[in-house]
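Step one of this worksheet: look at the structure below.
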Amino acid sequence: MGRMVCWAEAGDAKLMAQYISGRLTRLKATGATLAALPAVTPHLCISELLAISPLPLVNLLKVVNDSVRASVFRRVALFGTRFILDSAMFGALPAIAPANPVRCEHRGIEDKR
């Protein structure tokens, strides 16, 4: 997890994607035919990862977008660490008007991890 946080804080989507792709290659060798990344942080590199993944991926951002689009909800509360909320990642969710916490609340959310 430490690597992922460092890469996320540095905005290094390429290294993050390469690392995850390497792990997915190992899982494919064990017979996996689909990958789902339930953690939010790896989705900071989802564009890069989709291009190099050895397995088809479940894209959390697409699933969330599709779910919101199919519902009556548009203003959605998003929780995450500071680098997730401060990133353009949630700009990748066009169906959502995020109700992000204000900056001073970020630390309190991170402390709950």
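I'd like the full set of residues that are touching a residue at least 12 places away in the same chain (Cβ under 8 Å) and surrounded by fewer than 18 Cβ atoms within 10 Å (Cβ to Cβ), limited to region 67-80.
Scanning region 67-80 gives Arg69, Arg74, Arg75, Val76, Ala77, Leu78, Phe79.
Within region 49-76, the set of residues being of a type outside the set (Val, Ile, Thr), assigned to a helix (DSSP H, G or I) and over 15 Å from Gly22 (Cβ atoms) comprises Leu50, Leu60, Leu61, Lys62, Asn65, Asp66, Ser67, Arg69. Looking across region 1-35, the residues that are touching a residue at least 24 places away in the same chain (Cβ under 8 Å) and among the aliphatic types (A, V, I, L, M) come down to Met4, Val5, Ala8, Ala13, Met16, Ala17, Ile20, Leu24, Leu27, Leu34.
Please work out which residue is surrounded by the fewest Cβ atoms within 10 Å (Cβ to Cβ), limiting yourself to region 85-113 and to residues that are out of contact with any strand residue (DSSP E or B) (no Cβ under 7 Å at 6 or more places or on another chain) and at pLDDT 70 or above. Quick ask: steps written out before the conclusion?
Our first condition is that a residue be out of contact with any strand residue (DSSP E or B) (no Cβ under 7 Å at 6 or more places or on another chain); within region 85-113, this holds for 85-89, 91-95, 100-113.
Within this subset, residues satisfying the condition of being at pLDDT 70 or above are 85, 91-95, 100.
Working: Leu85: 19, Gly91: 9, Ala92: 17, Leu93: 17, Pro94: 11, Ala95: 15, Asn100: 16.
Among those that are out of contact with any strand residue (DSSP E or B) (no Cβ under 7 Å at 6 or more places or on another chain) and at pLDDT 70 or above, it is Gly91.
Looking across region 36-54, the residues that are touching a residue at least 40 places away in the same chain (Cβ under 8 Å) and not hydroxyl-bearing (Ser, Thr, Tyr) come down to Val40, His43, Leu44, Ile46. With respect to the conditions (1) part of a loop (DSSP other than H, G, I, E, B); (2) among the small types (Gly, Ala, Ser); (3) modelled with pLDDT of 95 or more; (4) under 16 Å from the mean Cα position of the chain (by Cα), Ala32 falls short on a single one, namely (4).
The values are calculated or read from the model by the stated rules, or taken from the named source; none is laboratory data. What you see is a predicted model; the values in this text were computed from it and never measured. Please note: Cβ atoms are built from the backbone with ideal geometry, for glycine as well, and neighbour counts cover all protein chains shown.
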